[in-house]
Amino acid sequence: MTAMEAIGQRAWRSFAAIGMHATLLCLALCVAVTCHAWPTSQASERPIPPELQTLFEEAEGTFPVRTLHGMPQPRLREIFWVDNHRLIYTVRKLPGWEARSDERSKIIIYDVDAGTYEETPHRGDLWCLGLEGQILVQDYALPYFDTVQPGDTKEDTRYFLSGTLGQTLNRFKRPHELGMLDPFSCRFYDNADHNFGKGHMLGSLRAGDGLLDEALGGDIRLVSPEGKTKWTLEIDQSCNLFPEPAYLPWMNHYYTRSSWSSGSPGCDNVKRNAWLFSSEQIQTLPLPSLIQELRRPGRQLGGYGTSYWAKPGMFVYVQYSIGLNGLYWVDEKAGKLKRVLKQPWGLDQVSPDGCRSLIRANPPKLIELCKGQTQ
């Protein structure tokens, strides 16, 4: 397998069923974000323009952060909450054990409260944990270009194990090279299995909630399991990639994590960048005024980031900016935007109750989102 093939497989896992126009936007974002020579000095070393300083409040310490010193190092980005205190993920090394180059990884469950872990009976790379305990595991040792063994082929990386956590799993071959991964059921699908005969770009939701469909003209709509349109959202194709919704169990809604870059072309309208929706209705949310100012042409402050949702509300993280890196919280009760962390840490893994998030640092950290000074 070549380096580009390995990278392509990883990208495919994260952006299911993305169409051609979205792919082009991703490439543009890459140029704007990852390929640009951003400033290397820290944000705290640069003065913040006074007119921007008035748009947020410094509030570091609002949410407690705890370092997980004993947590074994994850091998992949895929880390899932089994419940509100246990994480499940893939490792290549544990006390007294380190995987050989041709040995499958172990999948463990780590308790963030007790600081202990247990091994599951499953081996391989964990790709998915469903809402009802379904798991999907890649049945391969190391599917990367620099670790492929003599005789290995790309075909080997297409074998997976599926079933329920803790039970015997069934081995199968991925049905299609570009098959869509449903993150809620941990199953692969071709688009044809999801489109109700519409033939458009689609995104899966929980069973019974329907799916997201790209209607003619590029608008997004939610289609019920019966094929009825529940709501439609007009979008600007220069601003939006096809949404990858995250389910919020504590409020029975979905949220789209809206990524932005001050260097990406077009997309000046950020007043509807974040979506909070259910199977019946949708609410579009603006990014905070600070982010809108960062993106305004002529600011030249750099930066890119992503919005998230947890139980306290919307969060936005900013990195590669001059003076404004960090994690921001929209405190709706106080009517203020607060910088709660100066480290540019996003909330990629939020617990089912919306109160905790794992921070992928070294060592990993846990941020308590429902135990802050203002909660």
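Could you look through the stretch 234-255, keep only residues that are aliphatic (A, V, I, L, M) and modelled with pLDDT of 85 or more, and pick out the one that is surrounded by the most Cβ atoms within 10 Å (Cβ to Cβ)? Out of the qualifying residues, it is L248. Among the residues of this structure, V112 does not count as one that is without any contact (Cβ under 8 Å) to a residue 24 or more places away in the chain and within 18 Å of I359 (Cα to Cα). Total residues in the stretch 306-362 satisfying the condition of being part of a loop (DSSP other than H, G, I, E, B) and among the hydrophobic types (A, V, I, L, M, F, W, C): the figure is 7. Identify all residues within the stretch 129-167 that are at pLDDT 90 or above, β-branched (V, I, T) and buried (at least 20 other Cβ atoms within 10 Å of the Cβ); write none if there are none. Hits for the stretch 129-167 are I135, V137. Among the residues making up the stretch 346-364, those that are under 16 Å from R75 (Cα atoms) and either touching a strand residue (DSSP E or B) at 6+ places or on another chain (Cβ under 7 Å) or modelled with pLDDT of 95 or more (or both) are Q349, L358, I359, P363, P364.
Scanning the stretch 68-98 for residues that are among the small types (G, A, S) and touching a residue at least 12 places away in the same chain (Cβ under 8 Å) turns up just one, G70.
Within the stretch 335-356, residues that are of a type in the set (S, T, N, Q) have Cβ atoms under 6 Å from residues that are surrounded by fewer than 18 Cβ atoms within 10 Å (Cβ to Cβ) and part of a loop (DSSP other than H, G, I, E, B) in these pairs: S351/N84, counting only partners at least 6 apart in sequence or on another chain. Among the residues of the stretch 117-135, is there at least one that is under 23 Å from the mean Cα position of the chain (by Cα), of a type in the set (S, T, N, Q) and not in a strand (DSSP E or B)? No.
Entry remark, the stretch 168-210: residues being modelled with pLDDT of 75 or more, in a loop (DSSP other than H, G, I, E, B) and either more than 19 Å from the chain's Cα centre (by Cα) or not hydroxyl-bearing (S, T, Y) (or both) number 12 in total. Taken over the stretch 30-72, residues that are closer than 30 Å to R356 by Cβ, aliphatic (A, V, I, L, M) and at pLDDT below 80 amount to 2.
The values are calculated or read from the model by the stated rules, or taken from the named source; none is laboratory data. What you see is a predicted model; the values in this text were computed from it and never measured. Heads up, the Cβs are rebuilt from the backbone with ideal geometry, glycines too, and the neighbour counts pull from every protein chain shown.
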